[in-house]
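Heads up: the structure comes next, in structure tokens.
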Amino acid sequence: MRRPFKSTAPVKEGPRSNRDIKVPRVQLIDVEGNNLGPTSIDDAIRMAEEAGLDLVEIAPNSEPPVAKITDLGKLKYQSQKKAAEARKRQKTIEIKEIKMRPNIDTHDYEVKMRAVRRFFDEGDKVKLTLRFRGREMAHLELGMQLLNRVREEVEPIAKVEAEPKLEGRQMMMVLSPR
């Protein structure tokens, strides 16, 4: 099949193997994992073909490059499995938002605090937002008292990532689990 005018050759994924290895000598490792020492590339490829396997470059930046006699398809499959396993174990940290008012009732406050503790148990960060309406803006100290109360309650399980700050009619604070 012809390539379109002025396009580049396709780039191969993964390690170089067999005839793609363009160095005169390689540090050879056989099927059992034994180090056979520096070997010419032709001898290494011949040994791999005799074993019915591939010569795969493992460490291209070392001097001389390290090549191993192994099954290339199996090697690629194992690396895909490792990558998938790593992605599965990876936990994304989310920021959960809890909205309150400065004159919140005690029961409502306790319900919100239970949610905050649950978020910390799940490993998420929590953004506390206090919304001031109307004349509440004249009493910003009530909002600071509330946020300080929250901070003291969650001190053993969380640390303050962003100190309380006022943005317009909202006061915000970010907490992250310890």
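The values are calculated or read from the model by the stated rules, or taken from the named source; none is laboratory data. Everything quoted here is computed from the prediction, not taken from an experiment. Neighbour counts run over all protein chains shown; Cβ positions are idealised from the backbone, glycine included.
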**OP:** Sort through Lys99, Lys159 and tell me the only one that's over 30 Å from Gly33 (Cβ atoms), within 28 Å of the chain's Cα centre (by Cα), assigned to a strand (DSSP E or B) and of a type in the set (D, E, K, R).
**Re:** Lys159
Subject >> Residue that is farthest from Asn103 (Cα to Cα) [pool: residues in the stretch 132-155 that are part of a helix (DSSP H, G or I) and among the basic types (Lys, Arg)] >> reply: Arg151
Original post:
For Ile58, which of the numbered conditions (1) in a strand (DSSP E or B); (2) closer than 30 Å to Leu142 by Cα fails to hold?
Top reply: (2)
Subject >> Residue among Glu136, Glu97, Glu141 that alone is without any contact (Cβ under 8 Å) to a residue 60 or more places away in the chain, exposed (fewer than 12 other Cβ atoms within 10 Å of the Cβ) and closer than 17 Å to Arg169 by Cβ >> reply: Glu141
Original post:
What is the number of the single condition among (1) in contact (Cβ under 8 Å) with a residue 24 or more places away in the chain; (2) in a helix (DSSP H, G or I); (3) within 34 Å of the chain's Cα centre (by Cα) that Val111 does not meet?
Top reply: (1)
Original post:
Are any of the residues in the stretch 128-140 closer than 23 Å to Thr92 by Cβ, of a type outside the set (Val, Ile, Thr), in the same structural domain as Arg101 (by TED's automatic domain parsing) and modelled with pLDDT of 90 or more?
Top reply: yes
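Yes/no matrix, rows are residues, columns are (1) at pLDDT 85 or above; (2) more than 18 Å from Leu75 (Cβ to Cβ):
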{"position": "Arg25", "(1), (2)": "yes, yes"}
{"position": "Ile29", "(1), (2)": "yes, no"}
{"position": "Ile41", "(1), (2)": "yes, yes"}
{"position": "Ala44", "(1), (2)": "yes, no"}
{"position": "Ala48", "(1), (2)": "yes, no"}
{"position": "Gly52", "(1), (2)": "yes, no"}
{"position": "Leu55", "(1), (2)": "yes, no"}
{"position": "Pro60", "(1), (2)": "no, no"}
**OP:** Determine the pairs where a residue that is under 12 Å from Gly143 (Cβ atoms) and modelled with pLDDT of 90 or more, located within the stretch 161-178, has a partner that is among the β-branched types (Val, Ile, Thr) and assigned to a strand (DSSP E or B) with Cβ atoms under 8 Å apart, the partner being 6 or more residues away or on another chain.
**Re:** Gln170/Thr129; Met171/Thr129; Met172/Thr129; Met173/Val160
Original post:
Filtering the stretch 72-96 down to residues that are at pLDDT below 90 and not in a helix (DSSP H, G or I), which residue is farthest from Leu130 (Cα to Cα)?
Top reply: Gln90
